[in-house]
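The values are calculated or read from the model by the stated rules, or taken from the named source; none is laboratory data. As the structure is a prediction and not an experimental result, all values here were calculated from the model. Every residue, glycine among them, receives a Cβ derived from its backbone with ideal geometry; neighbour counts consider all protein chains shown. What goes into the accessible areas is simple: the full protein's heavy atoms, side chains included, and nothing from ligands, DNA or RNA. Shrake-Rupley method; radii C 1.70, N 1.55, O 1.52, S 1.80 Å.
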Amino acid sequence: MLIRLVCISGIIGATAVAQTSPSTTGSTHQAPAARPSITRADKINLNTAPVSELVKLPHLSVRGVTAITEARAKSKFKDWNDFVARRVVPRFVRSELKELVTF
């Protein structure tokens, strides 16, 4: 009897949560927050930028930000060619970053 009561209360609780959660499209998933974009005038220094600035770069995942911070901890990037030679991020990301970063 106790097991039935627990199962029933679990089902009722789940139903209540499902009914009270806001949904305009029928989906319970929320859209990811938009990342602020940067312009070419706001170049980010890859050697000194905090993580909060690096995540603003386009097409840069958490793995890419981690790779940049780990690589610069070993030694600072000298220039664009040094950054490319270390293969810190994939090629398509590098092409997006070239005009947005400095060293």
query = Would you list 55, 93, 62 from the most to the least accessible area, probe 1.4 Å?
reply = 62, 55, 93
ask   = Taking the Cα centre of the stretch 46-99 as the origin, how large is its charge dipole in debye, to the nearest 20, when only Lys and Arg (+1) and Asp and Glu (-1) carry charge on their Cβ atoms?
value = 200 debye
key: Label-to-label distance, nm, for residues given as residue 63 and residue 51 (7 Å Cα→Cβ offset)   = 1.7 nm
ask   = Once both labels are modelled 7 Å past Cα along the beta-carbon direction, what's the residue 95-residue 76 spacing in nm?
value = 3.1 nm
